[in-house]
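Take a look at the structure set out below.
Readers should treat all values here as calculations from the given coordinates under stated rules, not as data from a laboratory. Nothing here was measured: the structure is a model prediction, and the numbers come from that model. Cβ atoms come from the backbone with ideal geometry, glycine included; neighbour counts cover every protein chain shown.
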Amino acid sequence: MQAGADEHVSIGQTAQTQFDKAAEAMELDDETRTLLSTPFREVRVEVPIRKDDGTLSVYTGYRVQFNGARGPFKGGIRYATDVDMDEVCGLAALMTWKTALVDIPFGGGKGGVNVDVHHLNIYEIERLTRKFISRISRLLGPYRDIPAPDMYTNAQTMAWIFDEISGRQGYSLAAVTGKPIALGGSEGREAATGRGVVYVFEELARLEGWDPSAMTAAVQGFGNVGTFAATFLTDIGVRVKAISDITGGYYNEKGIDIQAALAHRAEAGDLGGFPGGDLITNAELLELDVDVLVPAAMGGVVNRDNSDRVKARILLEAANAPLTSIGQCHLEERGVYIIPDILANAGGVTVSYFEWVQNIQQFSWDEERVNGELKKIMNLSSQKVHAAAKEKNVTLRTAAFTIAIERVAEAERLRGV
Ligand code: GLU
């Protein structure tokens, strides 16, 4: 993770601090606090693969099942070099609160392999995926634990996972979500996280009396979440002045032409050389004078080192845990309006839930239905968080955690130890 050099705050700690704040505000008893802070199961596996050049590489894979009181564990699998047990555990905790907040019948889990996929070709990534799944397959299944895409995994990865699980458990479409449409995936799943981000923003804008068509934004990250978030923000009239990927940031005062950026990336493979904006750095993008900053890539990008220089008045957390605890304190002191990740990016897992439902029913919904149902859930969740924040005089994040914790705590209490 990219936390500030002197801030050794991990995603695990960030998630725990956020939980503790809410637990404090709601005066949660100590027993429940301990129960809900402890992961149900943490698994670490060796993932050896033979590379195309004949050499052997050994990676480490993780799957954490954080809490399953409300349903099967649910959460993505990421391939990245910062993946470790702490990060996966923190992200699995966030999935627990996210699924509870939007009230879908899942618990929270997360997985990942510590690997730089840029050093592997597609065949090697397939072997890595199959080997990783073979080592954790006993934990997975439609009513046990259901993976999905996350950083550097996609519909193709999910298709391999489906194939591995089906080879062991029989044809199991509902065992994994985010699959290709041709293999039981849902219409609208690919765009769902970005679409949900913008539904939440629109609903909060309505409740706060903001006019999106008079607002500007900067979107960090041009992956699955960032591309769709930038597209849908533009659709509702927000002027997206900057976007970025690993090649840097691209700034255009008049607004970036997102379709042109997508076309450039389709051709060139990344945004490198994109002529539709002036080249800036990712760090500069985070400090731009815009209304809405949308971190849509990695964790910890707004931290102790740069949070004092963030000028945006709204932080829309499309990524998971983009803000460290110290970063959050700094932004809160300055009154920045923070729309928390477990609300803002819950659209992805919500449409994963729709995909699971369609797979179980052997029936598919059209995109209009998927988007309509998604909008209902995102709007209702936004309204609940907004109302709870007002009523209890707490931040949106603490309000969101409070709603989620109450639901998980009640399920735990009813099920008993
Ligand atoms: N990886 C996504 C997230 O962090 C989606 C998880 C899912 O669909 O299970 O929310």
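Our estimate of slack between residue 44 and residue 262, defined as 0.36 nm per intervening residue step minus the Cα-Cα distance, is 74.8 nm. Rounded to the nearest Hz, the phi-derived 3J(HN,Hα) couplings of the range 232-240 under the Karplus curve 6.51 cos²θ - 1.76 cosθ + 1.60 (θ = phi - 60°) are 6, 4, 4, 4, 8, x, 6, 8, 7, where x marks glycine and proline. Extending 7 Å from Cα along the Cβ direction at residue 85 and again at residue 60 yields two label points whose distance is 0.8 nm. What number, in percent, do you get for the relative contact order of the range 1-156 if the mean sequence gap of Cα pairs under 8 Å and at least 6 apart is divided by its residue count? The value is 26 percent. Highest mean first, the peptides 31-37, 271-277 sorted by other C-beta atoms within 10 Å per residue fall in the order 271-277, 31-37. The equivalent ellipsoid that matches the C-alpha gyration tensor of the range 142-291 spans semi-axes of 33, 19, 12 angstrom, in descending order.
Please label the shape of the range 260-303 as rounded, prolate or oblate, based on the square roots a ≥ b ≥ c of the eigenvalues of the alpha-carbon gyration tensor (a/c under 1.5 means rounded; beyond that, a/b larger than b/c means prolate, else oblate).
prolate
Would you work out if the chain is rounded, prolate or oblate? Take a ≥ b ≥ c from the square roots of the eigenvalues of the alpha-carbon gyration tensor; rounded if a/c is under 1.5, else prolate when a/b is larger than b/c, oblate otherwise. Rounded is the answer for the chain, as its axis ratio a/c remains below 1.5. Each stretch of four or more DSSP H residues adds -39500 (n - 2.57); spread over every residue of the chain, this sum gives -15000 deg cm²/dmol at 222 nm.
Computed on the range 329-417, with alpha-carbon pairs under 8 angstrom and 6+ residues apart, the relative contact order is 31 percent. Loop-resident trypsin sites (Lys or Arg not before Pro) (DSSP state other than H, G, I, E or B) in the range 231-260 with no more than 14 further Cβ atoms inside 10 Å of their Cβ: 254. When you count the other C-beta atoms within 10 angstrom of each residue and take the mean per peptide, 333-343, 117-127, 72-82, 312-322 line up highest first as 312-322, 72-82, 333-343, 117-127. For the chain, the antiparallel share of DSSP beta bridges with both residues in that region comes to about 50%. For a quick check, take a GNM of the chain with Cα springs below 10 Å and name the residue from 214, 387, 346 with the largest mean-square fluctuation. Checking each option, the largest mean-square fluctuation is seen for 214. At full extension, residue 53 and residue 139 could sit 27.7 nm farther apart than now, given 0.36 nm per residue minus the alpha carbon distance. With a simple spin-label model that places each label point 7 Å from the Cα along the Cα-to-Cβ direction, the separation between residue 122 and residue 13 comes to 4.2 nm. At an R0 of 35 angstrom, the distance between the Cβ atoms of residue 332 and residue 171 translates into a FRET efficiency of 0.10. With contacts taken as Cα pairs under 8 Å and at least 6 residues apart, the chain reaches a relative contact order of 18 percent.
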